[in-house]
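*Asks:* This is the structure I have questions about; it appears just below.
The values are calculated or read from the model by the stated rules, or taken from the named source; none is laboratory data. Everything numeric here is computed off the predicted structure, so don't read it as measured data. We place every Cβ from the backbone using ideal geometry, glycine too, and count neighbours over all the protein chains shown. Please note that ligands, DNA and RNA were not included when accessible areas were found on the heavy atoms of the full protein model with its side chains. Shrake-Rupley method; radii C 1.70, N 1.55, O 1.52, S 1.80 Å.
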Amino acid sequence: MTDKTMTPDEVVGRLRSGMTVGIGGWGSRRKPMALVRALLRSEITDLTVISYGGPDVGLLAAAGRIRKLVTPFVTLDSIPLEPHYRAARESGAFALTELDEAMFMWGLHAAANRLPFLPVRSGLGSDVMRVNPELRTVTSPYADGEEFVAVPALRMDAALVHLNRADRLGNAQYLGPDPYFDDLFCEAADAAYVSCEQIVETAELSKSGPPQSLLVSRHSVTGVVETPNGAHFTSCAPDYGRDEAFQKLYATTPWPEFAERFLSGGSEHAYQSAVQAWHEEQN
């Protein structure tokens with residue numbers, strides 16, 4: 001058994017420019033934002049990002065760190081289109097591969113199972129094939145002869161995910177309503193880093209929720225980071241909901257102004273303190 005605990009900056013120290021990085025969560029829900037903020041404090045750039053996109057993509061896009069994005073959407077949920085992503089995309093700041101949600105999921109499954117692709121019906125007859133001319137089709141070798149889209153595996157150098165609880169060995173648990181495919185991200189990556197609200201003893205995980213909530217197994221995890229409020233400003237149910245007021249601020253504030261006030265402090269503690277100070281100003 002190995003203690004895999006790390007700090008956000010130690011995780012980022014394992015990453016390099018040019019890597020393909022997967023980011024778990026969904027839209028503006030349970031995103032590993034503390035790890036994303038640590039990534040922004042580094043000089044790492046030229047990334048290929050794979051994500052059911054939310055403010056993770058928006059932050060990295062606004063900071064100019066993305067070379068290519070693979071995603072089915074980029075949303076803040078209560079704000080339909082992530083504004084910093086939209087601005088970067090409209091300016092042609094990075095390449096985009098936009099897949100159907102199901103195609104994206106099966107790409108994760110293919111990577112997790114070390115397959116080059118998986119055949120799916122999703123995408124046939126749609127503009128997904130037109131806007132992604134690199135996609136190929138395959139024909140069933142059996143009597144049906146059906147044609148499928150060959151969705152390529154979404155392999156990653158590293159995956160970043162956030163869950164509610166974890167132990168020091170890398171077992172991790174979600175306590176909210178949805179796993180958001182975080183287990184597939186971990187299994188599809190060469191290295192996976194799990195941030196969590198709280199590190200607990202292994203025995204506590206079985207007491208906190210049903211067996212199916214033990215989503216991520218230690219065999220697929222490289223490092224574990226305890227980051228209370230580490231998904232902020234996205235939700236991390238049931239620990240906390242989305243910080244809607246702060247998300248609105250993020251969406252309506254020019255990037256240089258937002259980054260200067262909230263992301264220039266040099267640590268996650270500085271970010272959390274700046275957010276708290278902002279909230280106190282609103283009262």
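*Asks:* Exactly one of (1) out of contact with any Leu (no Cβ under 9 Å at 6 or more places or on another chain); (2) at pLDDT 95 or above; (3) assigned to a helix (DSSP H, G or I); (4) polar (S, T, N, Q) is unmet by GLN212. Its number?
*Replies:* Only one criterion is unmet by GLN212, namely (2).
*Asks:* OK, next. Just need a number here: residues in segment 181-208 that are open to solvent by less than 20 Å² (accessible area, probe 1.4 Å) and more than 18 Å from ARG14 (Cα to Cα).
*Replies:* Total satisfying the criteria: 4.
*Asks:* Looking for something part of a helix (DSSP H, G or I) and of a type outside the set (Gly, Ala, Ser) - is there at least one such residue anywhere in segment 164-181?
*Replies:* Looking through segment 164-181, none of the residues is part of a helix (DSSP H, G or I) and of a type outside the set (Gly, Ala, Ser).
*Asks:* Okay, moving on. So which of VAL138, VAL161, VAL151, VAL194 ends up being farther than 21 Å from LEU99 by Cα and part of a strand (DSSP E or B)?
*Replies:* VAL194
*Asks:* Now, a different point. Restricting to segment 214-229, name every residue that is in contact with a Lys or Arg (Cβ under 9 Å, 6 or more places away or on another chain) and either at positive phi or small (Gly, Ala, Ser) (or both).
*Replies:* Result: GLY223, single match.
*Asks:* Of the residues ASP127, ASP144, only one is at pLDDT 95 or above and surrounded by fewer than 20 Cβ atoms within 10 Å (Cβ to Cβ); which?
*Replies:* Going through ASP127, ASP144 in turn, just one is at pLDDT 95 or above and surrounded by fewer than 20 Cβ atoms within 10 Å (Cβ to Cβ): ASP144.
*Asks:* Would you confirm, using the coordinates I've provided, whether SER91 is among the polar types (S, T, N, Q), open to solvent by 10 Å² or more (accessible area, probe 1.4 Å) and closer than 20 Å to ALA191 by Cα?
*Replies:* no
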